[in-house]
1. Show which lysines lie in cross-link reach of residue 4 when reach means a straight Cα distance below 17 angstrom and same-chain residues fewer than eight apart are skipped.
2. Rank the residues 202, 286, 69, 16 as a footprinting-exposure proxy: fewest other Cβ atoms within 10 Å of their Cβ go first.
3. Within the range 169-267, which trypsin sites (Lys or Arg not before Pro) sit in a loop by DSSP and count at most 16 neighbouring Cβ atoms inside 10 Å?
4. Under a straight-distance cross-link criterion of Cα-Cα below 20 Å, which aspartates and glutamates are reachable from residue 295, leaving out those fewer than 8 residues away in the same chain?
5. Can you sort 110, 150 by how many other beta carbons sit within 10 Å, fewest first?
6. Taking a ≥ b ≥ c as the square roots of the Cα gyration tensor eigenvalues, with a/c under 1.5 meaning rounded and otherwise prolate when a/b beats b/c, else oblate, which class fits the chain?
7. Long-range amide H contacts for residue 27: which residues qualify at under 5 Å (H placed 1.01 Å from N, peptide plane, sequence gap of 5 or more or a different chain)?
8. Put +1 on the Cβ of every Lys and Arg and -1 on every Asp and Glu Cβ in the range 2-144; which of 55, 44, 17 then has its Cα farthest towards the positive end of the dipole?
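Values quoted throughout were computed directly from the atomic coordinates according to the rules given, and no laboratory measurement underlies them. This one's a predicted model, so the numbers in the text were calculated from it and none came from an experiment. Ideal geometry is used to build each Cβ from the backbone, glycine not excepted, and the neighbour counts take in all protein chains shown.
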Amino acid sequence: MVDKITVVGAGNVGATTAQRLAEKELARRVVMVDVVDGVPQGKGLDQWESAPIEGFDSRVIGTNGYEETAGSAIVVITAGIARKPGMSRDDLLNTNAGIVKQVAEQVKRSSPNAIIIMVSNPLDVMAYVALKVTGFPRQRVLGMAGVLDSARYRAFIAEALNVSVRDIQAMVLGGHGDTMVPLVSYTSVSGIPVSQLLDRATLDAIVERTRTGGAEIVKYLKTGSAYYAPSSAAVQMCEAIVHDQRRILPCAAWLEGEYGLSGLFLGVPCTLGRNGLEKIIEVELTGAERAALAKSADAVREPMKVVGL
Ligand code: APR
């Protein structure tokens, strides 16, 4: 358990993240910050009142300022607007870049040693904004996308095979958008290559559904985007860091030559531990997977130019 974890944004993703962090007792205090007066305070109090029933001792606090966040070990950033039907993650770019810039400045001042986990979209670009504004080393700025995209992919495979989700090991790399790269060649079911269990057409359909998994939820919800699985994914990353688990999880990390790419955030397999990003693992890719990753990198670089940092 660390002393404090802050969640910026007390909306759907932020509030669900705070509740999950508290239920897992990952921090003594979970602080939720939002610009809307009363919302973080009300949600924080409501969550804290669930503690006697759920049996956790993490104190959830809601606030509109950053004083209470001082010295946080981890800051999860979920502030910003969410997608509506017909919008791509890149449509959120200008609004969320402005919000994330302002949040990152506050985090730099109040929690200079924090590890940032970026959730606001477009994720890879927002992680870049946070890295630039804070000047933190790349070990301490990570983006949450791969764990979520892999979870969607694993859920669909488990459903197709009618087996436990626990037995599906899989990685989704690349940017958090339509160009993401589910690695079918590294997908196994209790060690059995998935290609022995599902035919090509079924796997292709699952890959496509994974790529558009976020949009599928937006279409149902109409007024916002997914938050149960995204908050689970962010909390799994926090857990790996807090307990120094050295888990290998796909995360958006700042690349410095890995996979032949530099100067951008992209989803790659990372070892997560106490220092945040402990290591980027380079796996062998097929020609097609490498080409798909390069295409995904191009799709991330384009909106990076717009934020002007
Ligand atoms: N500081 C703190 N909070 C802010 C700020 C700011 N500068 N600007 C906006 N917010 C808050 C809003 O007041 C709102 O409560 O961010 C919250 C966003 O919550 P929702 O609208 O419910 O959006 P949510 O579904 O949580 O998604 C947030 O995460 O997954 C991504 O694409 C998603 O970018 C979106 C983000």
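1. 24, 108
2. 286, 202, 16, 69
3. Answer by residue number: 222, 246.
4. Hits, sequence-local ones excluded: 90, 91, 124, 149, 178, 204, 208, 256, 258, 282, 284.
5. Lowest count first: 110, 150.
6. Prolate is the answer for the chain, as a/c is 1.5 or above and a/b outweighs b/c.
7. When sequence neighbours closer than 5 places are left aside, the close amide H contacts are 2.
8. About the Cα centre, the residue reaching furthest to the positive side is 17.
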